[in-house]
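The values are calculated or read from the model by the stated rules, or taken from the named source; none is laboratory data. What you see is a predicted model, and the numbers here were worked out from it, not measured in a lab. Note that we place each Cβ from the backbone using ideal geometry, even for glycine, and neighbour counts take in every protein chain shown. We work out accessible area using only protein heavy atoms, side chains counted, and drop any ligands, DNA or RNA first. Shrake-Rupley method; radii C 1.70, N 1.55, O 1.52, S 1.80 Å.
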Amino acid sequence: MTKAFAADALDVRTFAKSATTLATLDDRVADCRACPRLVEWREQVATDKRRSFADERYWGRPVPGFGEAKPAILIVGLAPAAHGGNRTGRVFTGDRSGDWLFASLHRVGLANQATAVSVDDGLTLHRTRILAAVRCAPPANKPTTTERDTCAPWFDRELELIRPNLEVVVALGAFAWAAVLSALERAGAKIPSPRPKFGHAARHEIDGLAVIGCFHPSQQNTFTGRLTESMLDEIFRQAAHLTGLINDGREE
């Protein structure tokens, strides 16, 4: 391969498809420069830092997936936070959404600790992996449809690499839900008609996977009470139960 990084949508497809391991894929994701608007934004944020992080060196690059290489559970978010994953280099790390997410995973038994502050904080996940549908922090947390589509091959290849062990996908929010369904469809899965709609605790069996919807643990949802700790815990408890990681006596 002559190019050192993906510079456009065609490169992304080529680099993603030819990645034979997650480690290779993660390295290629982290070097991607295919979306000019996102590259400019993520690097600007890394220079014009939030005052509370002024002394830190920002990652300022695309954020790869995080967790086990052979997960039973995949959690999909929208995109890294400007001063979260874009700062720390790990998805959902160093922001309020991540505080909620990892605390819940810890309570359920899917994470070894309740906090995520940096890539070297000792956090590990149990049979679980997390990724963002769009790997760069977007302005106003809103990627364009072109950016979404350009980034999709990274998701497609990661899903393909982890698919043999995967049993449950949890989609955090409507954007992630749509991204999951589209990725499964591109992989050859038959999507039910009418197309399943996102909703908290919505669950559909697709191509042997349980796809579960969950409100995103954003401050907009957690501050207003739209999403509570018990609601979030129940989603991950259900996922863990479906994969046999916990046995809480419930029946399906």
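If you go through segment 47-66, how many residues are open to solvent by less than 30 Å² (accessible area, probe 1.4 Å) and under 29 Å from residue 244 (Cα atoms)? Talk me through it step by step, then tell me what you get.
Restricting attention to segment 47-66, the residues satisfying the condition of being open to solvent by less than 30 Å² (accessible area, probe 1.4 Å) are 58, 60, 62-65.
From the residues that got through so far, the ones that are under 29 Å from residue 244 (Cα atoms) too are 64-65.
Residues that pass the stated criteria total 2.
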Quiz prompt | Filtered residue count, segment 196-213, keeping only those that are open to solvent by 20 Å² or more (accessible area, probe 1.4 Å) and more than 15 Å from residue 235 (Cα to Cα) | solution = 4
Quiz prompt | Checking residue 182 against (1) part of a loop (DSSP other than H, G, I, E, B); (2) over 20 Å from residue 98 (Cβ atoms); (3) among the polar types (S, T, N, Q), the condition it does not meet | solution = (1)
Quiz item: Yes or no: residue 193 surrounded by 13 or more Cβ atoms within 10 Å (Cβ to Cβ), polar (S, T, N, Q) and either farther than 27 Å from residue 103 by Cβ or in contact with an Asp or Glu (Cβ under 7 Å, 6 or more places away or on another chain) (or both)?
Solution: no
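Take the residues of segment 41-66 that are assigned to a loop (DSSP other than H, G, I, E, B), acidic (Asp, Glu) and out of contact with any helix residue (DSSP H, G or I) (no Cβ under 8 Å at 6 or more places or on another chain): which is nearest to residue 136 (Cα to Cα)? I'd like the intermediate steps shown before the answer.
Filtering segment 41-66 down to residues assigned to a loop (DSSP other than H, G, I, E, B) leaves 48-50, 54-65.
Still in the running and acidic (Asp, Glu): 48, 55-56.
Going one step further and asking which of them are out of contact with any helix residue (DSSP H, G or I) (no Cβ under 8 Å at 6 or more places or on another chain), we end up with 48, 55.
On the way: 48: 16, 55: 22 Å.
Once the filter is applied, the top-ranked residue is 48.
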Quiz item: If you check 69, 81, which single one turns out to be small (Gly, Ala, Ser), touching a Leu at 6+ places or on another chain (Cβ under 7 Å), open to solvent by 20 Å² or more (accessible area, probe 1.4 Å) and not in a strand (DSSP E or B)?
Solution: 69
Exercise. Could you list all residues from segment 118-162 that are crowded, with 16+ Cβ neighbours inside 10 Å, part of a loop (DSSP other than H, G, I, E, B) and aliphatic (A, V, I, L, M)?
Key: 123, 133, 134, 137
Practice problem: Being among the small types (Gly, Ala, Ser) and assigned to a strand (DSSP E or B) narrows it down to one of 244, 225, 213, so name that one. | Solution: 213
Quiz item: For the subset of segment 84-98 comprising residues that are closer than 14 Å to residue 172 by Cβ and of a type outside the set (Ser, Thr, Tyr), which member is surrounded by the fewest Cβ atoms within 10 Å (Cβ to Cβ)?
Solution: 96
Quiz item: If the Cβ limit is 9 Å and pairs must be 6+ apart or interchain, which residue in segment 173-186 that is open to solvent by 10 Å² or more (accessible area, probe 1.4 Å) pairs with which residue that is acidic (Asp, Glu)?
Solution: 186/156
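Table: residues versus (1) touching a Leu at 6+ places or on another chain (Cβ under 8 Å); (2) free of Cβ contacts under 8 Å to residues at least 24 places away in the same chain; (3) among the small types (Gly, Ala, Ser).
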site: 7; (1), (2), (3): no, no, yes
site: 10; (1), (2), (3): no, yes, no
site: 34; (1), (2), (3): no, no, yes
site: 44; (1), (2), (3): no, yes, no
site: 52; (1), (2), (3): no, yes, yes
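What about residue 112, is it over 16 Å from the mean Cα position of the chain (by Cα), among the polar types (S, T, N, Q) and surrounded by fewer than 21 Cβ atoms within 10 Å (Cβ to Cβ)? Please lay out each step first, then the result.
Details: over 16 Å from the mean Cα position of the chain (by Cα): yes; among the polar types (S, T, N, Q): yes; surrounded by fewer than 21 Cβ atoms within 10 Å (Cβ to Cβ): yes.
Against the criterion (over 16 Å from the mean Cα position of the chain (by Cα), among the polar types (S, T, N, Q) and surrounded by fewer than 21 Cβ atoms within 10 Å (Cβ to Cβ)), residue 112 qualifies.
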Exercise. Give the residues of segment 8-38 that are assigned to a helix (DSSP H, G or I), within 17 Å of residue 79 (Cβ to Cβ) and either open to solvent by 70 Å² or more (accessible area, probe 1.4 Å) or acidic (Asp, Glu) (or both), sorted by residue number.
Key: 26, 36, 37
Self-check item: Where a residue in segment 223-243 is over 15 Å from residue 213 (Cβ atoms) and its partner, wherever it lies, is crowded, with 18+ Cβ neighbours inside 10 Å and modelled with pLDDT under 95, with Cβ under 6 Å and at least six apart
Solution: none
